[in-house]
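Here's the structure we're looking at; comments come further down.
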Amino acid sequence: MAMQRGVVAALFACLLLPMASPSSPPVVVLLANAVQPITMLTAHSSGCYLLASGSTLHCIPSPPTARDIATAMAMQRVVAAALLACLLLPMASVRGRNITAFLAGYKDYKLYNQYLSETKVCDEINSRESVSMTVLVLSDDAMSTLASDAGENLAAIKNALRLLTVLDYYDRKKVKKLPSGTESAATLYQATGDAVSSTGSVTVSDLGDGKYGFASATPGAKVSTCTKEVKTMPFKFAVVEISAPIEFDGLFDTPTTSNLTRVLERAGCKKFAALVASTGVLKSYQSAMDKGLTLFAPNDAAFKAKGAPDVDKMPSGDLVSLLKYHALPAYYPKTSLKWAKGALPTLASTKPGKYVVSVKAQGEDVSLDTGVRKSRVADTVLDSTPFCLLTVDSLLMPSELYTAAPEAAPSPAPVPSPADAPASSPPAPLPADAPSSKAADHKDVKASSAAASRAVGSFTAAVCSIAMASLL
């Protein structure tokens, strides 16, 4: 941190200080007043005013006004915020959690890491950077056992991986200090709302002799012992290897997708369900589900909203394209959508760049931008890896079928007829020695622009330099 601040200060000094002017306005010098109070302001024989701020003496060409002080205070806050962003944002990206990148350095967890990516549980882990967490990892042999127990079903494996992600920090020292030697902790599986009763929790127990383990919170569950503490960041994040998977009866039960129209109807998307069934697009959805599909279903109100197209009057080919446009040929649960970059192809995309959609995310809010308008992603109806069904607040309207309404052009001003034009006498001739008014105006503009540029340049240089000095 100290070195980084020093480098930034040096760069600003080298780049900006040579541009500073001796006649910098008083507002520049007053930037120091936001950090240290002014203790003296006196006139000097040289024609400038001496201003003492803390232990620093400044010479300014004129006394500061109340407006100078207000401007200085506002400018310092802006500059300070910008410089702090430059200092802190690069460090934030370094600290960002990336569980798959970390585990890639451990060959013993290759299979576990692979399933983290395929189920998108990695995105759920990474998006909870501010949450204390302990990730329980399995060796390849133990992970193979889990996958076999789950019937190689990705949705079932996802449940198990969520159960292995504990939403609290644990290591050997903490477990040893547990008052009763054991306690219950929530997991990602519990946080998703898919767990029944306390099945989404695990118990953490001190086993004595420096050993500890984890087990399902269901009665009679077998304890999986900690075999290695792979990484520990006290009270923030830990990666711990355990001896065996944590399982219980019902963990691998997953929602069925055999009757998609029925699922859509229960989610309040009856109109959409009827359209995909009558057009045959439902078969396109079903054939893509096993490989990966994300479906955005508009609710019934979306079809009646202002600006929504009349789908009942659309040509059949356009309607099919519209319905296919509501599906991505890849698995993107809502959490993973926030990480999606660039234009995403849809089932309607027959050529690169055609019928694409982009994602706009801000905090927990996720929207889809079609180029015509945006639609908010509302709720997760069904998440059964590799298929995800999400509802959207409005129809997704591709630019290939629709265009945004252009703004109305301003009405042309009426042109007066020659008869209505007032008579005017020719202008009086200029004296022979009088300069052209246009030429004079042009010179004045150039001179004032140059003066303004110099003032802005010296002002900006001094502001940045003093702000950096006050911050550092």
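Go through the stretch 212-253 and give me each residue that's among the small types (Gly, Ala, Ser) and touching a Cys at 6+ places or on another chain (Cβ under 7 Å). Lay out the reasoning, then the answer.
Narrowing the stretch 212-253 to residues among the small types (Gly, Ala, Ser): 213, 215-217, 220-221, 224, 238, 243-244, 250.
The answer is Gly213, and nothing else.
Condition (residue is under 18 Å from Leu136 (Cα atoms), in contact with a Ser or Thr (Cβ under 8 Å, 6 or more places away or on another chain) and open to solvent by 30 Å² or more (accessible area, probe 1.4 Å)) applied to the stretch 188-204: is it met by at least one residue?
yes
Name, by its number, the condition in (1) loosely packed, with under 15 Cβ neighbours inside 10 Å; (2) closer than 25 Å to Leu164 by Cα; (3) without any contact (Cβ under 8 Å) to a residue 60 or more places away in the chain that does not hold for Ala277.
Evaluating Ala277 over (1) loosely packed, with under 15 Cβ neighbours inside 10 Å; (2) closer than 25 Å to Leu164 by Cα; (3) without any contact (Cβ under 8 Å) to a residue 60 or more places away in the chain leaves (2) as the failure.
So, in the stretch 133-166, of the ones that are part of a strand (DSSP E or B) and touching a helix residue (DSSP H, G or I) at 6+ places or on another chain (Cβ under 6 Å), which residue ends up farthest from Phe102 (Cα to Cα)?
Filtering the stretch 133-166 for residues that are part of a strand (DSSP E or B) and touching a helix residue (DSSP H, G or I) at 6+ places or on another chain (Cβ under 6 Å), the one farthest from Phe102 (Cα to Cα) comes out as Thr165.
Please specify each residue of the stretch 307-333 satisfying the condition of being assigned to a helix (DSSP H, G or I) and open to solvent by 50 Å² or more (accessible area, probe 1.4 Å).
Listed by number, the residues that qualify are Asp312, Lys313, Ser316, Asp318, Lys324.
Could you tell me whether any residue of the stretch 348-368 is in a loop (DSSP other than H, G, I, E, B) and touching a Lys or Arg at 6+ places or on another chain (Cβ under 7 Å)?
yes
Looking only at the stretch 144-191, count how many residues are more than 33 Å from the chain's Cα centre (by Cα) and aromatic (Phe, Trp, Tyr).
0
For the stretch 285-297, which positions are modelled with pLDDT of 95 or more and part of a helix (DSSP H, G or I)?
Tyr285
Conditions: (1) open to solvent by 40 Å² or more (accessible area, probe 1.4 Å); (2) polar (S, T, N, Q); (3) assigned to a helix (DSSP H, G or I). Thr100 meets all but one. Number of the miss?
(1)
Restricting attention to the stretch 258-266, does a residue exist that is within 29 Å of Ser117 (Cβ to Cβ), assigned to a loop (DSSP other than H, G, I, E, B) and free of Cβ contacts under 8 Å to residues at least 40 places away in the same chain?
yes
Any residue that is within 30 Å of Ala378 (Cα to Cα), in a loop (DSSP other than H, G, I, E, B) and open to solvent by 30 Å² or more (accessible area, probe 1.4 Å) - is there at least one of those in the stretch 213-223? Let's see the steps before the verdict.
To start, the set of residues in the stretch 213-223 that are within 30 Å of Ala378 (Cα to Cα) comprises none.
Scanning the stretch 213-223, I find no residue that is within 30 Å of Ala378 (Cα to Cα), in a loop (DSSP other than H, G, I, E, B) and open to solvent by 30 Å² or more (accessible area, probe 1.4 Å), so the answer is no.
Which of the following residues is modelled with pLDDT of 50 or more and either crowded, with 21+ Cβ neighbours inside 10 Å or over 36 Å from the mean Cα position of the chain (by Cα) (or both): Leu395, Leu401, Leu382?
Selected residue: Leu395, the only one of Leu395, Leu401, Leu382 that is modelled with pLDDT of 50 or more and either crowded, with 21+ Cβ neighbours inside 10 Å or over 36 Å from the mean Cα position of the chain (by Cα) (or both).
Can you confirm whether the stretch 298-306 contains a residue that is at pLDDT 95 or above and in a strand (DSSP E or B)?
yes
Looking at the stretch 167-181, can you tell me whether even one residue there is open to solvent by less than 10 Å² (accessible area, probe 1.4 Å), assigned to a helix (DSSP H, G or I) and more than 29 Å from Met289 (Cα to Cα)? It would help to see each step written out before you state the result.
First, pick out the residues of the stretch 167-181 that are open to solvent by less than 10 Å² (accessible area, probe 1.4 Å): 169-170, 175.
Narrowing further to those that are assigned to a helix (DSSP H, G or I): 175.
Restricting the remaining residues to those that are more than 29 Å from Met289 (Cα to Cα) gives 175.
Yes, the stretch 167-181 contains a residue that is open to solvent by less than 10 Å² (accessible area, probe 1.4 Å), assigned to a helix (DSSP H, G or I) and more than 29 Å from Met289 (Cα to Cα).
Have a look at Leu163, Leu188, Leu146 and point out the one that is closer than 14 Å to Leu251 by Cβ and touching a Phe, Trp or Tyr at 6+ places or on another chain (Cβ under 6 Å).
After applying the criteria, what remains is Leu163.
The values are calculated or read from the model by the stated rules, or taken from the named source; none is laboratory data. Keep in mind it's a predicted model, so treat the numbers as computed, not measured. Neighbour counts are summed over all protein chains in view; Cβ atoms, including those assigned to glycine, are modelled from backbone coordinates with ideal geometry. Accessible surface is based on the protein model in full, side chains and every heavy atom, while ligands, DNA and RNA are left aside. Shrake-Rupley method; radii C 1.70, N 1.55, O 1.52, S 1.80 Å.
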